[in-house]
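Quick one: this structure, given as structure tokens, is what I'll be asking you about.
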Amino acid sequence: MSLLRDIKDNCLDMPFDRACLIASGVHSDKKIQAYQKKIDLLISRITKETDVNNIDNPIEKAKIIFAWLKEYACEGIYRDCYDFKDTLNIKVGNCLSYAIRFTILCRHFDIDVKNIFVPGHIYNMVSDNTHEYLFEHTHSDGIVKKKDRYHPKKKIMKDIGLVGEIFLYNARNHNINGDFDASIRFCEQAMMCIPDDNRPMILLIDNYVAKKEYELAFLHLDKYLEQYPAERKFFNKTHLLLKSLCDKKNTQQIVY
């Protein structure tokens, strides 16, 4: 509840690591402290085992952290392993969870790191006074692919957006498993973090349609389109179909 109250204004005030842990399902202070100790251990090892504190250039510092993580804290890359807890526990993850961990560690060492979002992927960027350097966590060569580097929808993701991505992954997994009510809750939480992103709405509609609750699907979409009229073209066919389903259901009820 503390996280949900925090993000109501579409701004994240609590520490980023705490927010990511809560979104990943860590719901008690005792457990949060235990995971924060795991983060502190990573910081301690990087400090002791590298010369990161003896370097001023932020890109070179980030390269040291990136290389250390790849060598000592990456046991596997799995597309659906978004859970930040797993990344801290068993050193596995996907682009999202690895980018979150990298961001937390870089910031501790005073590196201004950015999270770059393209549809379906996230990577990191660090810059100095002369150029930018990109960090790719899910390709073995560590190089961001050209299609992601120059993607027309590329954007810098805010911290609250990354929290929203965790909620969205949760929503997808529950949807796949047929737990539509849980998926709806996570969709709503994702929309609080990334309200101008249509992916949570697409999934929300899918959940309501799976439950045959067409009126709720239509009402949610109608309200969304009032707030974001630019999305009307994208959702036009869905909007018309849901309206038709609602009208058909209402007609059947009257006839009955």
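The values are calculated or read from the model by the stated rules, or taken from the named source; none is laboratory data. Please read these numbers as outputs of a predicted model, since none were measured by experiment. Neighbour counts are summed over all protein chains in view; Cβ atoms, including those assigned to glycine, are modelled from backbone coordinates with ideal geometry. Side chains are part of the model used for accessible areas, which takes the heavy atoms of the whole protein and leaves out ligands, DNA and RNA. Shrake-Rupley method; radii C 1.70, N 1.55, O 1.52, S 1.80 Å.
Can you tell me how many residues in the range 187-215 are open to solvent by 10 Å² or more (accessible area, probe 1.4 Å) and farther than 20 Å from Asp9 by Cβ?
Adding up the residues that qualify gives 14.
Further, regarding this structure: Please enumerate the residues belonging to the range 1-56 that are among the hydrophobic types (A, V, I, L, M, F, W, C), under 19 Å from Tyr72 (Cβ atoms) and in contact (Cβ under 8 Å) with a residue 12 or more places away in the chain.
Ile39, Leu42, Ile43, Ile46, Val52
Right, another one. For the range 39-153, which fully contained strands (runs of 3 or more DSSP E) count at least 3 residues that are on the phi < 0 side of the Ramachandran plot and of a type outside the set (Phe, Trp, Tyr)?
113-118, 121-127
Give the range 110-127 a look and list any residue that's at pLDDT 95 or above and either farther than 19 Å from Lys158 by Cα or small (Gly, Ala, Ser) (or both), or say none.
Ser127
State yes or no: is Gly161 open to solvent by less than 50 Å² (accessible area, probe 1.4 Å), at pLDDT 95 or above and not in a helix (DSSP H, G or I)?
No.
Now for a different question. So which residues in the range 63-73 are touching a strand residue (DSSP E or B) at 6+ places or on another chain (Cβ under 8 Å) and crowded, with 18+ Cβ neighbours inside 10 Å?
Listed by number, the list holds a single entry, Phe66.
Moving on. Name, by its number, the condition in (1) assigned to a helix (DSSP H, G or I); (2) over 30 Å from Ser24 (Cβ atoms) that does not hold for Lys212.
(1)
How about the range 160-194: which of its residues are within 19 Å of Asp6 (Cβ to Cβ) and over 13 Å from the mean Cα position of the chain (by Cα)?
Arg185, Glu188
Next up: For the range 13-31, give me each residue that is open to solvent by less than 60 Å² (accessible area, probe 1.4 Å) and under 19 Å from the mean Cα position of the chain (by Cα).
Met14, Phe16, Asp17, Ala19, Cys20, Leu21, Ile22, Ala23, Ser24, Gly25, Val26 - these are the residues of the range 13-31 that are open to solvent by less than 60 Å² (accessible area, probe 1.4 Å) and under 19 Å from the mean Cα position of the chain (by Cα).
Is it the case that the range 39-62 has a residue that's farther than 23 Å from Ala19 by Cβ, touching a strand residue (DSSP E or B) at 6+ places or on another chain (Cβ under 8 Å), among the hydrophobic types (A, V, I, L, M, F, W, C) and surrounded by fewer than 22 Cβ atoms within 10 Å (Cβ to Cβ)?
Checked the range 39-62: at least one residue is farther than 23 Å from Ala19 by Cβ, touching a strand residue (DSSP E or B) at 6+ places or on another chain (Cβ under 8 Å), among the hydrophobic types (A, V, I, L, M, F, W, C) and surrounded by fewer than 22 Cβ atoms within 10 Å (Cβ to Cβ).
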